[in-house]
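All of the numbers you see were taken from the coordinates with simple rules; none came from a lab. As the structure is a prediction and not an experimental result, all values here were calculated from the model. For neighbour counting, all protein chains shown are included, and Cβ atoms are generated from backbone atoms with ideal geometry for every residue, glycine included.
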Amino acid sequence: MEVYKFGGASVHNANNIRQLAKIVSSAPRPLVVVISAMGKTTNALERIVDSYFFHNSDWLEELDKLRQYHYSIARELFEYGHGIFHILDSLFSRLKKQLHSQPSMNYDYDYDRIVHFGELLSTTIISHYLNDIGIKNIWIDALSVIKTDSNYRQANIDWDATKQLIQEKINFHGTDLYITQGFIASDHNSQPVTLGREGSDFSAAIFAWALDGDRMTVWKDVDGIYSADPRYYPGARRFDRLSYRETIELAYYGAKVIHPKTLKPLKDKSIPLHVRSFLFPDKGGTIITDFAQDLEPRMPVVIVKEQQTLISVSHLDGSFITEPDMELIFSLINRHKINNNVMQRSALSLSFCVDYHRVHLPSLIEALKRHFLVKYNTDLRLITIRHYDNETIKKMTAGKEVLLHQQSRSNAYFVVR
Ligand code: ADP
Ligand code: ASP
Ligand code: MG
């Protein structure tokens, strides 16, 4: 069996959904199709969570826009009076009911209870559309098959329970095609959880792993993995082949094209991953498997992470930063679920470069300030160059102020403004 995954961009309007139908209709069977929320729905839901959690009423207007967006796509795909409109009504009233209840004290818990609706909406529309045009499929609620702990917003998979549930529910009796959601799951109390932004790639890998898939294909708005984001670096070149190991590294340092957790379950079962273009399926793509050579062709790879904050902590009295200090700092970073990308230690300070988060980053900084002198710069960029050479370093740092620089045998990092 195979697993296909379609991201937000590949389902962001009716035309793209028709293109998805074309790809799925000629795909091998049995097949599981994992789909993200449509377009920028998750970003919109995040704005809704913020205004709900902080008690302002902006969410009403935002929710209305989201509703209009989904209904306008549905109106292009279905006839007036089609049953789908009732189903969408009931999903939106469930979401609205949630938003009319009191927020809890836990931002991440509320986040998951609201944000998971994006994937429910997209897969409901697409599953019905495919059935209507003769591509018969069964819709699976990912909450009922992917089980996790209660680490809301970044839940960890319970692999044994998940495998058992997926194998029970996705047994291909009476159908050869299932449609399900990426990014969302549920904990052992059946509360909705999410797996981290961009987590649909990871969900697809969980299904491929649990069902011993022969191959997983992610259909993107790019025709493979490039030596840099082709949207910003037109000179970037596509890799024909990458090893799992190399892809894990690229994803870990922030190449947005694939979620870093995707590779491990595939590697464990030697399931090849194909990255292909949903608009130009004939253009080939990148194949990722157990290749002996890490990347082909071999060249420097540039990975840029935006919205970075560089934090430096030291003692108010000028004493050394000790191991127990580091233990405290890392436990605070971990408790606030902030992603730490590079760090550097000197006698008197520890500097680290972290991802931005609207709620958790200010609260981490406040917590650090209770123990240390804290300085920070926001809106920075982290440039990682794998397999670096001088020419690429020069090109990427020209005209930039470098706030932190680190080099290992295979990677060079620059935190720049
Ligand atoms: P999905 O819709 O499946 O979630 P993403 O938007 O997460 O897809 O990933 C595709 C995007 O990743 C592309 O539009 C591209 O701009 C970006 N990207 C960043 N780095 C790379 C890279 N090295 N190779 C290809 N695409 C990249
Ligand atoms: N919809 C989620 C997000 O935008 C998951 C994904 O697209 O992979 O992060
Ligand atoms: Mg993505």
Requested in this report: Only Cα pairs under 8 Å and at least 6 apart count here; give the relative contact order of the range 127-236 as a rounded whole percent.
Outcome: 24 percent
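Tell me which trypsin sites (Lys or Arg not before Pro) from the range 341-380 have a DSSP coil assignment and no more than 10 other beta carbons within 10 Å of their own.
On the way: sites: R345, R358, K369, R370, K375; in loops: R358, R370.
Here the trypsin sites (Lys or Arg not before Pro) that fit, given the DSSP loop and packing criteria, are R370.
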Report summary line: the range 177-201 scanned against label point 7 Å out from W139 along Cα→C-beta; backbone N under 13 Å for 179-181
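Can you sort F280, F202 so the residue with the fewest Cβ neighbours within 10 Å comes first? The partial results should precede the final answer.
Working: F280 12, F202 24.
Lowest to highest Cβ neighbour count: F280, F202.
Please report the orientation-averaged projected area of the range 228-285, defined via the convex hull of its C-alpha atoms, in nm².
4.4 nm²
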**Report entry** Average Cα contact separation per residue, the chain, under 8 Å, 6 or more apart, as relative contact order %
**Finding:** 13 percent
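Among L177, L60, which comes first, second and so on when ranked by fewest other beta-carbon atoms within 10 Å? Working shown, then result.
Working: L177 21, L60 13.
Listing L177, L60 from fewest to most nearby Cβ atoms yields L60, L177.
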Requested in this report: Can you put S51, S203 in order of Cβ neighbours within 10 angstrom, beginning with the fewest?
Outcome: S51, S203
**Report entry** Computed FRET value (nearest 0.05) for L348 with S150, which takes r as the C-beta separation and R₀ as 35 Å
**Finding:** 0.35
Query raised in the report: Whole-Hz Karplus ³J(HN,Hα) for the range 237-246, in order, using 6.51 cos²θ - 1.76 cosθ + 1.60 and θ = phi - 60°, x for Gly and Pro?
Result: 10, 7, 8, 7, 9, 9, 7, 4, 4, 5
Query raised in the report: Within the range 21-124, which GluC sites (Glu not before Pro) sit in a loop by DSSP and count at most 10 neighbouring Cβ atoms inside 10 Å?
Result: E79
Query raised in the report: How high is the FRET efficiency from Q407 to F85, r the C-beta distance, R0 41 Å, rounded to 0.05?
Result: 0.10
Query raised in the report: Hey, if you put +1 on the Cβ of every Lys and Arg and -1 on every Asp and Glu Cβ in the chain, which of A161, I393, C353 ends up farthest toward the positive end of that dipole?
Result: I393
Query - Unsatisfied cross-links (Cα-Cα over 26 Å) in the set K65/K169; K40/K97; K65/K305; K96/K169 - result: K65/K169; K65/K305; K96/K169
Query raised in the report: Per residue of the chain, what 222 nm ellipticity follows from adding -39500 (n - 2.57) for every DSSP H run with n ≥ 4, rounded to the nearest 500?
Result: -11500 deg cm²/dmol
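At a Förster distance of 35 Å, what's the computed FRET efficiency of H173 paired with R298, Cβ-Cβ distance as r, to 0.05?
Details: r = 47 Å, r/R0 = 1.33.
After rounding to 0.05, the efficiency reads 0.15.
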Query - Rounded to 5, the percent of DSSP beta bridges in the chain classed as antiparallel - result: 60 percent
**Report entry** Gyration tensor verdict on the range 278-417 (Cα atoms; rounded if a/c is under 1.5, prolate if a/b is larger than b/c, oblate otherwise)
**Finding:** prolate
Report summary line: Across K65, K395, K136, the residue with the highest GNM fluctuation in the chain (Cα network, 10 Å cutoff) is K395
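I'm a student and want to see the number: the projected area of the Cα convex hull of the range 97-168, averaged over all directions, in nm².
Numbers: hull surface 24.6 nm².
Mean projected area of the Cα convex hull: 6.2 nm².
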Query - Qualifying chymotrypsin sites (Phe, Trp or Tyr not before Pro) for the range 292-373 [loop in DSSP, other Cβ within 10 Å: at most 13] - result: F320
